[in-house]
Amino acid sequence: MLPTTEQALACVRVCQMLSNLYKDIRLFRFDDKIGEIYILSADELQIIVYRNGEWEFVNEPEL
């Protein structure tokens, strides 16, 4: 299974947002079994990007 186009574009937007906030991306993982992308960033920011391009914080941090 490969990421969808919507998912790939959402990942670029999320990574750009993290970069603009000067946050390091520590882990970027695509789970090919469930088709979700997991991003772990500095300050323990955890983000999941779903196949439809929607994304959410796992732990709802205060930015």
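The values are calculated or read from the model by the stated rules, or taken from the named source; none is laboratory data. Remember, predicted model here, so these are calculated numbers, not experimental data. Positions of Cβ are generated from backbone atoms using ideal geometry, with glycine treated the same way; all protein chains shown enter the neighbour counts. Calculation scope for accessible area: heavy atoms of the full protein, side chains included, ligands and nucleic acids excluded. Shrake-Rupley method; radii C 1.70, N 1.55, O 1.52, S 1.80 Å.
Couple of notes before you dig in:
- Accessible area in square angstrom per residue, the range 1-52, 1.4 angstrom probe: 65
- Computed about the Cα centre, the dipole magnitude for the range 1-56 is approximately 140 debye when only Lys and Arg (+1) and Asp and Glu (-1) carry charge, each at its Cβ.
- Computed packing ranks the peptides 44-55, 11-22 as 44-55, 11-22, most packed first, by mean other Cβ atoms within 10 Å.
- Degrees between helix 5-20 axis and first principal axis of the chain (Cα, 0 to 90, nearest 10): 10
- Share of carbon and sulfur in the accessible heavy-atom surface of the chain [1.4 Å probe, %]: 52
- Here the range 1-51 was treated as a single set of alpha-carbon atoms; its pair distances binned every 10 Å from 0 give 27, 55, 17, 1 percent.
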